[in-house]
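Coordinate-derived values only; no laboratory data. Just so you know, these numbers come straight off a predicted model, no measurement behind them. Glycine also receives a Cβ, built like all others from the backbone with ideal geometry; neighbour counts cover every protein chain displayed.
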Amino acid sequence: MLMRFTVGNYRSFLDPVELDMRVTSLKEHRATHVARIVVGGRTYELLRSAVIYGPNASGKSNFIRAMGLMRHLVLESATKYQADEALPIQPFKLSASTRSSPAMFEVVFLHEDKRYRYGFRADQKRIHEEWLYHARQRETLLYHRTAKGFYLSSRLRGVQSLKKHTRTNALFLSVLAQFNHPLGTELRRWFRNSFHSLYGGTIESYLPYTLNRLDEDPNFQQRVRSLVRLADVGIDDLSVEKIPLQQALSRFPSEVRQALQESLPDTGVMINIRTRRGEVFFDFTEESHGTQKFIALLGPFLDALDHGYVLAVDELEAHLHPFLTRRLIEMFHSPKINPHNAQIIFTTHDLTLLNENLFRRDQVWFMEKDERGATDFYSLADIRERKDVSLLKRYREGRYGAIPRLNALPSFMAQGTNNGS
């Protein structure tokens, strides 16, 4: 499970900001919204979900993007980048002092009866610093990499020779995994399987995954059928079929078609979904965008719930009815549906979700830009508040910040205004 994620000097983030999934002393919803994990004889209490609010351009999407970028560099930096190839890292640009400084990423998580703290500082050209700690009870440094060289703990065996294989723009953890070192392989497995980021609020990035799951797993297909019926989107049943890839892609809009073609395996065929209403069948592309997104999300959502993954989603509510969005969140809050303590972290503008019956205050986070144009990030639990207040009412009143600052419409916008001509 995820404990903390920190990012600094990346896109809209200047100073490091941290999402903390550890519970506070609040008593609400402890039986459903809080997971209890024992590691090294110590019990950790972690939240099953976190929601991030804020106006447009406040940094919400950048935060989800940062999580995805960290995952990408751990998985790919040793194998997908050439020695002189730039890393996809964008620093905070509104300060001259930070444009040439490295970005910082750090994650703390529980995995296989250990707590890990892993992070790095990097720019487009090189890794400036990298560190890895683990702990059952007391935290121990496993390695620390700087521009001056490596410190390698005696606990980390068989890695001395791998230093020379580590390019300046590759993470050492990625190199450990590339050469099948047990620790590198284990942590790569966590980043690959347990730390997922769905960015942009569109379906083309995760639809292929769901299509393949529907084709490969009859049990998964049956669960999707059941959930689609429960969602009350008017579908009585659905089936999957294999059709020639180009024929399938021709049914999608051009921008979706290109993204799908890049993400699908080159098998010459594509899994297609057909839905049924009564006796009438429909192609998947004939369904509303909201229905398409709901079905596409079920792949990563069900896998997260089945295996206890961390799932970060940008604009979860986009194209979904608020009732559907709420149902997806409630799945993570249900100990019965979520026995493996999966976590969902998502950004949204849906104010109907800002409800004390759905979230604890330490699950609600806000983002807004400060006077420097940098993203400020804070929790509702940090704001002194009575237990019986309406979170939605207070937010609309501006008590928590993180709302758009809208000026009055100019007079020339009024219809029929005399412009003097």
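Extension gain for ASN212 to SER161 (0.36 nm times residue separation, less C-alpha to C-alpha distance): 14.4 nm.
Over the stretch 207-313, the pair-distance histogram of Cα-Cα distances with 5 Å bins from zero comes to 2, 11, 22, 26, 20, 14, 5, 0 percent, rounded to whole numbers. The Rg/Rh ratio for the stretch 56-177 is 0.98, where Rg is the radius of gyration of the alpha carbons and Rh is the Kirkwood radius.
Over all pairs of distinct alpha carbons, what does the Kirkwood formula give as the hydrodynamic radius of the stretch 334-405, in Å? It is 13.8 Å. For a modelled paramagnetic label at THR43, 7 Å from Cα along Cα-to-Cβ, no residue of the stretch 307-326 is in reach, as no backbone nitrogen comes under 16 Å.
Rounded to the nearest 5, the antiparallel percentage of DSSP beta bridges internal to the chain is 80%. Counting charges near ALA103 (Lys, Arg +1; Asp, Glu -1) among other residues having Cβ under 14 Å from its Cβ returns a value of +2.
Here's how it looks for VAL310: its modeled amide H is under 5 Å from those of PHE195, HIS196, GLN343, which are all 5 or more places away or on a different chain. Here the Karplus curve 6.51 cos²θ - 1.76 cosθ + 1.60, taken at θ = phi - 60°, turns the phi angles of the stretch 366-379 into couplings of 10, 10, 7, 7, 8, 5, 8, x, 9, 6, 9, 9, 8, 9 Hz, with x standing for Gly and Pro. Could you work out the relative contact order of the stretch 207-313, using alpha carbon pairs under 8 angstrom and six or more residues apart, expressed as a whole percent? Reported as a whole number, the value is 32 percent.
The lysines whose alpha-carbon is closer than 27 Å to the alpha-carbon of LYS148, local same-chain residues fewer than 8 away aside, are LYS80, LYS125, LYS163, LYS164.
Electrostatic bookkeeping for THR168 treats Lys and Arg as +1 and Asp and Glu as -1; over the other residues with beta carbon under 15 Å from its beta carbon, the sum is +3.
Of the Cα atoms belonging to the stretch 271-382, the radius of gyration and Dmax stand at 16.9, 59 Å.
Between GLY398, GLY54, GLY119, the Gaussian network model of the chain with springs among Cα atoms under 10 angstrom shows the greatest mean-square fluctuation at GLY398.
Comparing ARG384, ARG372, ARG65 in a Gaussian network model of the chain (Cα springs below 10 Å), the most mobile by mean-square fluctuation is ARG384.
Once the mean of 1/r is taken over each pair of separate Cα atoms and inverted, the chain shows a Kirkwood hydrodynamic radius of 23.5 Å.
In the chain, Cα pairs under 8 Å separated by at least six residues give a relative contact order of 20 percent.
Under the convention that each Lys and Arg Cβ holds +1 and each Asp and Glu Cβ holds -1, the size of the dipole of the stretch 12-90 around its Cα centre is about 480 debye. A straight Cα-to-Cα reach below 24 Å connects LYS393 with the lysines LYS27, LYS60, LYS369, residues fewer than 8 places away in its own chain not being considered. For the chain, a simple Cβ point-charge model (Lys and Arg +1, Asp and Glu -1, everything else neutral) yields a dipole of about 1500 debye relative to the Cα centre.
How large is the convex hull of the Cα atoms of the stretch 1-98 per residue, expressed in Å³ as a whole number?
Dividing the Cα hull volume of the stretch 1-98 by its residues yields 165 Å³.
For the listed peptides 11-21, 306-316, 278-288, a ranking on the average number of other beta carbons within 10 Å per residue, highest first, reads 306-316, 11-21, 278-288. When the chain is treated as a GNM with alpha-carbon contacts under 10 Å, the residue of ALA304, ALA31, ALA78 showing the greatest mean-square fluctuation is ALA31. Here the simple spin-label model places points 7 Å from the Cα toward Cβ, and for PHE150 and SER100 these points are separated by 3.0 nm.
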